[in-house]
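Read through the structure below, which is laid out as C-alpha cells, and then see the notes.
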Amino acid sequence: MEISDQLRCVFSAQIEDQGGSYRLEVPEQEILLGDIQPGETYRVAIVSSPSNDSNEDTGTEPERERGPPEPPVEQGETRDVEIEDIGDQGDGITRVERGFVVIVPDTEESERVSIEITDVRENVAFAEVVDRLSYYD
C-alpha cells in the first residue's frame with residue numbers, strides 16, 4: 001500500500017451505526033497534537049482491521065500477517081525539525097512522516113533543532129538535540 005505524503009494522522013476506530021448514517025470518532029489526541037483541525041474537511045481512507053477477513057477476494061496479504069507499518073525513523077538518524085508542542089512531562093514533541101511522534105527533551109515550542117534519534121518504538125521515537133538551528137537556516 002502506498003501512503004501519501006499528505007497523510008495527517010493514523011488511528012484505529014470502529015464505525016458506529018446511528019440509524020441510517022454511520023459515525024467514526026477521531027481521538028482527541030489527533031486534534032490536540034496532530035495536524036488536523038475541527039470544522040475542516042479531510043479525505044478519509046478505510047483500511048480493514050486484522051479481524052476483518054474481507055480481503056480474500058482482493059488477493060492482498062491479510063493485515064494481521066503484515067503487522068503494523070514500520071516507523072519512518074531509525075535509531076542514529078539525524079533530522080532537522082521544529083518542535084510543535086510540549087508534552088505533559090515538559091518534553092518537546094514533533095511529528096514526522098505519517099504523523100509519527102518524536103519526543104525531544106530540553107526543547108521549547110516552535111524551536112528549530114537538529115536531532116538524533118536515540119530510541120525507536122512501534123508508535124513513538126525519542127531523540128536528543130544535536131544542534132539548535134536559526135530560523136533563517
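Taking the criterion of being assigned to a strand (DSSP E or B), of a type outside the set (V, I, T) and without any contact (Cβ under 8 Å) to a residue 60 or more places away in the chain, the only residue of the range 88-107 that qualifies is G92.
Just to verify a result, which residue in the range 1-48, among those that are part of a loop (DSSP other than H, G, I, E, B) and of a type in the set (F, W, Y), is modelled with the lowest pLDDT? Within the range 1-48, the match that is modelled with the lowest pLDDT is F11. Please determine, by comparing only the residues of the range 108-137 that are under 20 Å from the mean Cα position of the chain (by Cα), among the polar types (S, T, N, Q) and not in a strand (DSSP E or B), which one is modelled with the lowest pLDDT. Applying the filter and picking the extreme gives N123. Looking across the range 81-123 at every residue that is on the phi > 0 side of the Ramachandran plot and not charged (D, E, K, R), the one that is surrounded by the fewest Cβ atoms within 10 Å (Cβ to Cβ) is identified as G90.
Annotation: G76 fulfils all but one of (1) closer than 29 Å to V47 by Cα; (2) of a type in the set (G, A, S); (3) not in a strand (DSSP E or B); the unmet one is (1).
The values are calculated or read from the model by the stated rules, or taken from the named source; none is laboratory data. In this text, all values refer to a predicted model and were calculated from it rather than measured experimentally. Because the Cβ atoms are built from the backbone with ideal geometry, glycine has one as well, and the counts that use them run over all protein chains shown.
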